[in-house]
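Taken together, the values in this text are just the output of simple stated rules run on the coordinates, not laboratory data. Only a predicted model underlies this, so the values are computations on that prediction, with no experimental measurement involved. Neighbour counts run over all protein chains shown; Cβ positions are idealised from the backbone, glycine included.
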Amino acid sequence: MASDSTIDTPDADRVYLFDTTLRDGQQTRGVDFTVADKAAIARALDQLGIDYIEGGWPGANPTDDRFFAEPPKMENARIVAFGMTRRPGRSAENDPGLAGILDARVPAVCLVGKTWDFHVDVALEIERDENVAMVRDSIARAVTVGREAMFDCEHFFDGFKANPDYALECAEAAYKSGARWVVLCDTNGGTLPHEIEAIVATVAARVPGTHLGIHCHNDTGNAVANSLAAIRAGARQVQGTINGLGERCGNADMMAIIPNLVVKMGMTTNVGADKLTQLTSVSRMLDERLNRSSDPHRAYVGAAAFAHKGGLHVSAVQKDPKTYEHVEPGIVGNQRHILVSDQAGRSNILARFAEIGVEIDPKHPKIQRLVDEVKEKEFLGYSYDSAEASFELLARRLIQGVPEFFTIERWRVMDERRFNARGDLVIESEATATLTVGGTAHHEVAVGNGPVNALDTAIRKALTPKFPAIQTMRLIDYKVRILPPARDGDGTDATTRVMIESEDETGTTWRTVGVSPNIIDASIAALSDAITWKLLRAGAAVPKTDA
Ligand SMILES: CC(=O)SCCNC(=O)CCNC(=O)[C@H](O)C(C)(C)COP(=O)(O)OP(=O)(O)OC[C@H]1O[C@@H](n2cnc3c(N)ncnc32)[C@H](O)[C@@H]1OP(=O)(O)O
Ligand SMILES: CC(=O)C(=O)O
């Protein structure tokens, strides 16, 4: 029977959330958390309302040792130490690996063990009864030392298909030894939702669903569906990771599991409607920590999850968002976006005007001209759906005009590769730029670590004295794409598209685009839009004279 020091089970629809970002997520290719990362992620999960946070494997590496030596204080969650059952031929009391896990200063442990006879024969190379004894002894030991004990049934579904009696014997051994949760793992991730549902329902006849958990991998793209299928069959603990991090193709994505459980299936979790709004920021926080771009297409929390591009969609969304949205974006802390591109109609343009605060008669003849111009420019290589600041300038120029804060009259760059007097290799660019500001020409020279950096510096030198607002803006992303010529007969010259993302001191970010056969010219066009947009937002005035 389950140990006493456990989280209780108040109602049959309550599903316990178990996050393994810090353990299985750490097994993701390219992911290497620091102790500080782990503590910060644990705190965010705690605030979100996750019940269990698997922190790692004490004894497996110095990072996890440090984390468990001083686990972060939690308000709601229980930190769980992960590890494996005792080694064959040792007693649970005398197994250094198991002792390392049980010594961790946390209230719960999750021990993994074999439940597929093939693994016992081939990977462990031991008698099957000895494997069952390892499960039994290790869980009993965890309970004896006062831990809430959980057992991860590794390869449970493959094991059940091969030898159901043996898989069940292992699961039952854990339960009868006091495991609060017996977690059925689709370790190789090859099981499909209908199989999961049928197998979990069978197991629930032997181990009550209120003590069953599910841990799915995404090797068939079904990890979330499989997790939900297990809950339908009665399991009441679900394991997953933020953004589906995890070994190989990843684990089930907690960012999708939680809203599906709460909003679609009506289950009770510790993440109620009030906390569900944190999901998008938790998802983005993880990507920030990992220093990688967030996947815009991630269900519920991606930047494109509620972005509408097709003209037919936007026209209907304007009338009622339910026409093309399965839930209201705000419930998970996300936002609706209306994109403008060559897929746009008048509705997209009008929606964007409303967003940027431009009042316009929907029948204004210039709206159709703007739609046509966007389509023509996209054909030539521009991309406005992710360069909303350039679109805003294009639209404002056509409809109401934009002040000519400055004009870039001329520029020139020289690149140099040389060895300096100390014999160090130096690669440097020198740029000159001539700009007109308030009717006066300014000529500036600057050096940089590349041609765009040098020109950016020269342009800012000319503009900053007149427009201090640009002092705090900085370039945070720069992307180049080489496109084929738009029209037959344009020669073999490719077109270059540059997308720039800028940020200012308030944390506001904006994106601009430039297109030209020349990469530097395209960069300057995107940069010029970025500066102009910032000046417009800052309410800057065009200097009348250069006095
Ligand atoms: C399905 C999962 O994701 S389980 C989690 C997997 N995660 C990890 O492995 C990450 C952390 N692991 C590690 O740092 C290391 O593997 C350690 C420290 C745990 C062990 O390292 P080592 O002692 O060098 O063993 P190694 O990793 O080479 O092999 C694992 C050993 O454990 C045995 N083993 C595997 N599962 C179990 C189990 N459930 N119970 C007992 N022994 C087991 C294997 O048979 C093998 O034994 P052997 O050394 O006699 O061949
Ligand atoms: C325990 C675990 O991570 C698995 O079986 O996939």
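Of all DSSP bridge pairs formed entirely within the range 117-271, close to 5 percent run antiparallel. Over the chain, DSSP H runs of length four or greater, each weighted -39,500 (n - 2.57), average out per residue to a 222 nm ellipticity of -10500 deg cm²/dmol. Residue order for 165, 64, fewest other beta carbons within 10 angstrom first, comes to 165, 64. Compared with the dominant principal axis of the Cα atoms in the chain, helix 519-537 is inclined by about 90°.
With an 8 Å cut-off on Cα pairs and a minimum separation of 6 or more residues, tell me the relative contact order of the range 407-537 in percent. Relative contact order for the range 407-537 comes out at 15 percent. By the count of other C-beta atoms within 10 Å, a proxy for reagent exposure, 28, 457 are ordered fewest to most as 457, 28. Going from the residue with the fewest nearby Cβ atoms within 10 Å to the one with the most, 394, 45 rank 394, 45. How far, in degrees from 0 to 90, does helix 346-356 lean away from the longest principal axis of the Cα atoms of the chain, to the nearest 10? So the helix axis and the longest Cα principal axis differ by about 90 degrees. A Cβ-based charge dipole, computed about the Cα centre of the range 307-398 with Lys and Arg at +1 and Asp and Glu at -1, lands at about 200 debye. Within the P(r) computed for the chain, what percentage of the Cα pairs occupies the region above 30 Å? Roughly 60 percent, once rounded to a whole number.
For the peptides 221-227, 304-310, the ranking by mean Cβ contacts within 10 Å, running from highest to lowest, is 221-227, 304-310. Within the same chain, aspartates and glutamates fewer than 8 places from residue 275 are excluded, and of the rest, those with a Cα less than 19 Å from its Cα are 13, 19, 46, 51, 75, 253, 328. For the cross-link pairs 38/161; 309/479; 322/366; 377/534, the ones whose C-alpha atoms lie over 28 Å apart are 38/161; 322/366. For the chain, give the share of DSSP beta bridges that are antiparallel, in percent and rounded to the nearest 5; count only bridges with both residues there. Just about 50 percent of them are antiparallel.
Net charge in the neighbourhood of residue 403 (other residues with Cβ under 11 Å of its Cβ; Lys, Arg +1, Asp, Glu -1) is +1. Taking a sphere under 14 Å around the Cβ of residue 98 and counting the other residues whose Cβ falls inside, with K and R at +1 and D and E at -1, yields a net charge of +2. The string of couplings for the range 310-321 from the Karplus curve (6.51, -1.76, 1.60, θ = phi - 60°) is x, x, 5, 5, 5, 4, 6, 4, 4, 7, 7, x Hz, one whole number per residue in order, with x for Gly and Pro. Electrostatic tally near residue 219: other residues with Cβ closer than 13 Å to its Cβ, Lys and Arg +1, Asp and Glu -1, net -2.
Compared with the dominant principal axis of the Cα atoms in the chain, helix 164-176 is inclined by about 80°.
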